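Remarks on the structure that follows.
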């Protein structure tokens, strides 16, 4: 009998919504809600709460939780290893989104417009 060498876990697609309740997220990830609350503390995730003081998650937060679940349950990282890996992944994503003045003339133009608008605002405030 041969054994599968890699564990393949497929997560369902994230529904097209703005906010998710903790129960919905736990169903998506296949973990209990207390596990998600534990991950919030261990990975320093700031979660918003609605008027009823229930946790609500934005799509990008669900994606981060999905990454954490993947690292812990599939890739078998420790909490500390997953924390470091997540930090590295976030740095990489930030590098991809950051705009450099030398390589992006649009950002330089926007900064100039911002400076001019602030100058106009100070004139109007007088």
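The values are calculated or read from the model by the stated rules, or taken from the named source; none is laboratory data. All figures in this text were calculated on a predicted structure; none of them were measured in a lab. Cβ placement follows ideal geometry from the backbone for every residue including glycine, while neighbour counts extend to all protein chains displayed.
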Checklist entry - Just wondering, is there one or more residues in region 81-88 that are over 15 Å from the mean Cα position of the chain (by Cα) and either modelled with pLDDT of 80 or more or more than 19 Å from residue 65 (Cβ to Cβ) (or both)? => result yes
Checklist entry - Can you name the residue in region 35-60 that is surrounded by 16 or more Cβ atoms within 10 Å (Cβ to Cβ), within 15 Å of residue 25 (Cα to Cα) and touching a residue at least 24 places away in the same chain (Cβ under 8 Å) and, of all such residues, is farthest from the chain's Cα centre (by Cα)? => result 55
Checklist entry - With 42, 75, 61 as the choices, which residue is under 19 Å from residue 13 (Cα atoms) and touching a helix residue (DSSP H, G or I) at 6+ places or on another chain (Cβ under 9 Å)? => result 61
Checklist entry - How many of the residues making up region 42-58 are farther than 24 Å from residue 80 by Cα and touching a strand residue (DSSP E or B) at 6+ places or on another chain (Cβ under 7 Å)? => result 7
Checklist entry - Out of all the residues in region 12-41, which are in a loop (DSSP other than H, G, I, E, B), in contact with a strand residue (DSSP E or B) (Cβ under 8 Å, 6 or more places away or on another chain) and at pLDDT 95 or above? => result none
